[in-house]
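First comes the structure, then the notes that go with it.
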Amino acid sequence: MTAPEIIIETQNLSKHFGGLAAVDDVSIKIEAGTLHAIIGPNGAGKTTFFNLLSGNLKPTAGRVFYKGQDLTGKPIYRMIHMGIGRSFQITNIFPNLTVYENIRLASQAMENKNFHFLMDTSKIENVEERTAQVVEKVGLTSQALLPARALSHGDQRKLELGMILAPDPELLLLDEPTAGMATDQVPELITLIQEVQQSGLKTVILVEHNMNVVMKVSDRITVMHQGKVLAEGTPGEIASNQEVQTAYLGGLYDLNA
Ligand SMILES: Nc1ncnc2c1ncn2[C@@H]1O[C@H](COP(=O)(O)OP(=O)(O)OP(=O)(O)O)[C@@H](O)[C@H]1O
Ligand SMILES: [Mg+2]
């Protein structure tokens, strides 16, 4: 048997804000093509950890390897060009542009290095085609020409997923994609994320507070607590881990529910 491909690995990664160790000596490996959830109480360091993976923050110590390459402290554009896409905890769209225009801009992020871009019609056609495909994939075709601000919150979350997908990343970092959504809209977005991961053979790292979602969709789960990794395992292992129950899951997820 060949060893599974590790798409992202951190070694002793830490981020301090003054005296606070928001991320504290975190070493994890994430297998390519899996859906890996990161859970933990508010302030556990999940978003800070994402910011270290995506290049939005530079670590105080430790290293980040993407497909074996040391990308520690590299700028965000390098991460995007390497194939890392991320969402933010706060919806990050241009409200006055249409759905289509928002996704086209995100597609072009990959092409912008090329100064001849605007003169190259075949490239323009590619972008238009890819944009239409992504709009369709996230189920927003009938709303493509509406300004983004006119969408419901749930549809704005789909649009945001489309903007991450547009440059065709291999690794998606999704920070609470269902936050603020009406409960009945959550399953649709989650199914979409699963489809993207499975049909596109992508790796998804998901921060999510909805434990029913996490337990259902994750291949593996890392639990963070006070900046550290408290536990790592399959959903079954995490749900039955006593330490995790005490620190976090108690009251939030009942195995017998
Ligand atoms: N830029 C910053 N400056 C100072 N402290 C920060 C900064 N960003 C985060 N922190 C602190 O670091 C800790 C971890 O925050 P982080 O946002 O990573 O947690 P989280 O697990 O994402 O929480 P939540 O579930 O609420 O989103 C918190 O104590 C937070 O107040
Ligand atoms: Mg957070």
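Nothing in this text is a laboratory measurement; each read-out follows from the coordinates by a stated rule. What you are looking at is a predicted structure, and each value in this text was computed from that prediction instead of being measured. Cβ atoms come from the backbone with ideal geometry, glycine included; neighbour counts cover every protein chain shown.
Using a 10 Å cut-off around each Cβ, can you sort PHE49, PHE65, PHE17 from fewest to most neighbouring Cβ atoms?
Ordered by Cβ neighbours within 10 Å, fewest first: PHE17, PHE65, PHE49.
Select from ALA132, GLN185, ASN51 the residue farthest towards the positive end of the dipole of the chain; place +1 on Cβ of Lys and Arg, -1 on Cβ of Asp and Glu, and compute about the Cα centre.
Positive-end residue among those listed: ASN51.
Anyone know which of VAL64, VAL213, VAL23 comes out most mobile in the 10 Å Cα GNM of the chain?
Largest GNM mean-square fluctuation: VAL213.
With only Lys, Arg, Asp and Glu charged, each at its Cβ (+1 for the first two, -1 for the last two), find how big the charge dipole of region 177-226 is about the Cα centre; round to the nearest 20 debye.
180 debye
Could you go through region 35-40 in sequence order and give the Karplus-derived ³J(HN,Hα) for each residue, using 6.51 cos²θ - 1.76 cosθ + 1.60 with θ = phi - 60°, rounded to whole Hz, and x for Gly and Pro?
9, 10, 9, 10, 10, x
Which of the aspartates and glutamates could a cross-linker span from LYS202 if the Cα-Cα distance has to be under 20 Å and same-chain partners fewer than 8 positions apart are dropped?
GLU5, GLU9, GLU31, GLU136, GLU160, ASP168, GLU170, ASP175, GLU176, GLU188, ASP219
Taking 25 Å as the cut-off for C-alpha to C-alpha distance, list the pairs among LYS29/LYS228; LYS29/LYS137; LYS137/LYS228; LYS58/LYS158 that go past it.
LYS29/LYS137; LYS137/LYS228; LYS58/LYS158
Taking R0 as 22 Å, what's the FRET efficiency between ARG78 and ASP168 from their Cβ-Cβ distance, rounded to 0.05?
Efficiency for this residue pair is about 0.85.
What residue among THR246, VAL196, VAL229 has its Cα farthest toward the positive end of the dipole of the chain, where the charges are +1 on Lys, Arg and -1 on Asp, Glu, each on the Cβ?
Working it through, the farthest residue towards the positive pole turns out to be VAL229.
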